[in-house]
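> If you scroll down you'll find the structure; I have some questions about it.
Rule-based calculations on the coordinates, nothing more; no lab input. If you're wondering where the values come from, they're calculated on a predicted model, not measured in any experiment. Virtual Cβ from ideal backbone geometry, glycine too; neighbours counted across all protein chains shown.
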Amino acid sequence: MKILFVDDDEGILEAAKTALQVYGYDVITATSGKECLEKIEEADIVFLDIKMPGMDGIETLKEIKKLRPELPVIMITAYATVDNAIQAMKEGASDYIRKPFRIEELEGSILATIEDIKFREYEKIYMGSDAIESFKKSSKKMHIGREKEMDAIFIPMEHDLKPRKIEEIIEDIEKKIERNMYIFISDIDYIYRTYGEKTREFLEWINKKAASNNCKLLISAKILNLDERSRKELQEIITDVHLGILTDSISNYIRRKVINLLSDGHKYSFTKIAQEVGIDENPKLSFHLKKLKDDGVIEQDDEKRYYLTTMGKEIAKFIEEMRKKKLNKDVVWREWIK
């Protein structure tokens with residue numbers, strides 16, 4: 001992960017950079033909102049100070065979300081500007097931490113954000129026909145298939161009507177992949193029929209390659225070309241590979257913790273939730289509880305205690321199934337019949 005740390009205090013920048021590099025992260029820095037936007041394409045995660053001269057953190061965040069809507073941005077705030085941090089989360093920030101912060105807090109935010117990124121990879125794959133339209137509109141795209149079907153960097157699976165070696169295809173992808181691309185793999189059924197069990201290794205590799213380059217991966221198959229046994233086997237491969245890049249999910253780690261806590265069927269007060277989940281930031285917890293309530297996942301009784309709704313129970317069950325690797329294949333596998 002490449003982290004962009006933005007603060008007008010160069011002493012904070014140097015300290016954060018040195019500490020995070022010890023943890024093994026690649027860190028780049030910026031001292032202003034303008035410099036941040038100039039470096040935004042390089043980043044996988046952004047730590048952004050709210051109070052900066054010129055373009056402040058909120059303005060910078062809005063510009064980031066125009067350029068890269070899904071990029072995780074963690075706001076850095078002083079005690080006096082927590083309200084601004086909550087406003088930033090409404091504008092799309094993933095989280096916030098307070099100054100003075102400990103390096104362990106930065107590491108915790110990074111790990112939580114990586115977990116959220118992995119969940120979004122789940123949503124990026126098998127998105128249906130809308131994804132094809134997004135692919136067509138993208139200026140950076142790659143198509144891996146038997147025949148060139150679209151205006152994109154093309155990686156052929158065949159040469160002179162004969163299958164290429166899978167190693168040659170991987171080598172071509174390595175040479176031509178770029179950050180933030182759309183990658184479309186057509187004819188997964190052909191890959192399965194041609195390469196057999198190597199299909200699993202190839203899909204595991206392309207999943208990881210796409211994730212590490214912040215690419216969106218689209219997959220299609222002419223499913224009617226497979227017999228029932230082969231179809232089921234290919235679905236098992238897809239599911240297993242997909243679970244390999246998935247973690248226990250919903251969209252935010254704090255909300256997942258709350259859902260997991262309430263899944264025992266009991267009702268909990270705000271104070272008890274804060275204690276059990278380990279959050280000492282009341283505004284932050286309030287924000288996430290309101291989000292869950294607005295989404296219909298939790299509700300409150302007359303004593304203001306929180307509990308899971310029917311929808312919340314289904315989500316809790318979904319998370320538990322993912323933990324046990326018993327995810328319903330219909331959720332992760334959408335067949336495109338051509």
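> Between Glu91 and Ala78, what is 0.36 nm times their sequence separation minus the Cα-Cα distance? Round to one decimal in nm.
2.8 nm
> Search the structure for amide H atoms under 5 Å from the amide H of Leu217, placed 1.01 Å from N in the peptide plane, and list their residues when 5 or more places away or on another chain.
Result for Leu217 returns Ile183.
> Between Thr310 and Glu201, what is 0.36 nm times their sequence separation minus the Cα-Cα distance? Round to one decimal in nm.
Stretched fully, the Thr310-Glu201 segment lengthens by 35.4 nm.
> Highest mean first, how do 163-171, 214-222 rank when packing is the count of other Cβ atoms within 10 Å averaged over residues?
214-222, 163-171
> Moving to a separate point now. For Met55 and Arg102, compute 0.36 nm times the residue count separating them, minus their Cα-Cα distance, and round to one decimal in nm.
14.3 nm is the gain from fully extending Met55 to Arg102.
> Let me ask something else about it. What's the local net charge at Tyr96, with K and R +1, D and E -1, over the other residues with C-beta under 10 Å away?
0
> Using a cut-off of 15 Å between beta-carbons, work out the net charge of the residues near Lys66 (Lys and Arg +1, Asp and Glu -1, Lys66 not included).
-2
> Still on this structure, I have one more. Quick one: check the C-alpha center-to-center distance for region 1-80 versus region 103-117, whole angstrom.
Cα centres, region 1-80 to region 103-117: 14 Å.
> How many nm separate the modelled label positions at Asp294 and Lys222, each set 7 Å beyond the Cα in the direction of the Cβ?
Modelled inter-label distance: 4.7 nm.
> Could you work out the relative contact order of region 46-90, using alpha carbon pairs under 8 angstrom and six or more residues apart, expressed as a whole percent?
The value is 45 percent.
> Provide the packing ranking of 56-68, 273-285, i.e. peptides ordered by the mean count of other C-beta atoms within 10 Å per residue, highest first.
56-68, 273-285
> What order do you get for 286-292, 1-7, 193-199, 41-47 when each peptide is scored by the mean count of other beta carbon atoms within 10 Å, highest first?
By packing density, highest mean first, the sequence is 1-7, 41-47, 286-292, 193-199.
> Kindly identify region 66-112 as rounded, prolate or oblate by the Cα gyration tensor criterion: order the square roots of the eigenvalues as a ≥ b ≥ c, call it rounded if a/c is under 1.5, otherwise compare a/b with b/c, prolate if a/b is larger, else oblate.
Oblate, because a/c is 1.5 or more while a/b does not exceed b/c.
> Can you bin region 247-312 into rounded, prolate or oblate? Criterion: square roots of the alpha carbon gyration tensor eigenvalues sorted a ≥ b ≥ c, rounded for a/c under 1.5, prolate for a/b above b/c, oblate for the rest.
Rounded, since a/c falls under 1.5.
> To the nearest 20 debye, what is the magnitude of the charge dipole of region 2-122 about its Cα centre, counting +1 on the Cβ of each Lys and Arg and -1 on the Cβ of each Asp and Glu?
240 debye
> Roughly how many Å is it from the Cα centre of region 132-152 to that of region 158-178, as a whole number?
Between the Cα centre of region 132-152 and that of region 158-178, the gap is 16 Å.
> If R₀ is 22 angstrom, what is the calculated FRET efficiency for the pair Glu42 and Lys175, using the beta carbon separation as r and rounding to 0.05?
According to the calculation, E is roughly 0.60.
> Is the C-alpha gyration tensor of region 2-122 telling us rounded, prolate or oblate? Criteria: a/c under 1.5 is rounded; beyond that, a/b larger than b/c is prolate, otherwise oblate.
Because its axes are fairly even, with a/c under 1.5, region 2-122 counts as rounded.
> Which whole-number percentage describes the relative contact order of region 2-122, with Cα contacts under 8 Å and a sequence gap of 6 or more?
Reported as a whole number, the value is 21 percent.
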